[in-house]
Amino acid sequence: MSSDDSTEQRFIDCDEDTVFDIKTRLMWFKKDTWQLSGKWLSWVQCRELAEDQNKKRTLGFSNWRIPTTAEAKSIYEKSQSNKDHMGQTAWLHKVFNPGFGFMCWTSDVRNKIQAVRFSYRKGGTMYDDVYRTSRGSTRFVRNLKDD
């Protein structure tokens, strides 16, 4: 079995909105917040959107959240190319909808004013202001056990 085969088997395409990762046992939105809202969001706005999704019990669940840095990195796949919102190559499995923001806000924050962003183009992280909207997006995730 090639690494591409094992990656293919790792993700289960649950329905038109969600993906299950067998390796981490996490459920992901197929679309990120850029694709869902049509606009760039700050970390604060992403957090508020997650809270709103939970109040509405989007897709039947109330535990959607911003991923940790480790979780965001866990779906970065150098063997799988996809296209971001600019049509550039980003390393995210094709089970996730193309056209996403390549920088993903994570839940990891320091000094209450900076949060980590993970790049699906380069695989690196950076800190950014939690109020900055420039190409800001995230992909909501949930643990299966807590709802």
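Across region 26-73, the number of residues qualifying as touching a Leu at 6+ places or on another chain (Cβ under 9 Å) and among the aliphatic types (A, V, I, L, M) comes to 5.
Restricted to region 79-134, and to residues there that are among the aromatic types (Phe, Trp, Tyr) and either modelled with pLDDT under 95 or assigned to a strand (DSSP E or B) (or both), the residue that is farthest from Asp17 (Cα to Cα) is Tyr127. For region 135-147, a tally of residues being part of a loop (DSSP other than H, G, I, E, B) and touching a residue at least 24 places away in the same chain (Cβ under 8 Å) returns 8.
In region 114-127, the residues that are among the polar types (S, T, N, Q) and surrounded by 14 or more Cβ atoms within 10 Å (Cβ to Cβ) reach residues that are modelled with pLDDT of 95 or more and in a strand (DSSP E or B) with C-beta atoms within less than 6 angstrom, at least six apart or across chains, in these pairs: Gln114/Tyr127; Ser119/Met103; Thr125/Val116; Thr125/Phe118.
The values are calculated or read from the model by the stated rules, or taken from the named source; none is laboratory data. What you see is a predicted model, and the numbers here were worked out from it, not measured in a lab. Using ideal geometry, Cβ is built from the backbone for each residue, glycine included, and neighbour counts are taken over all protein chains shown.
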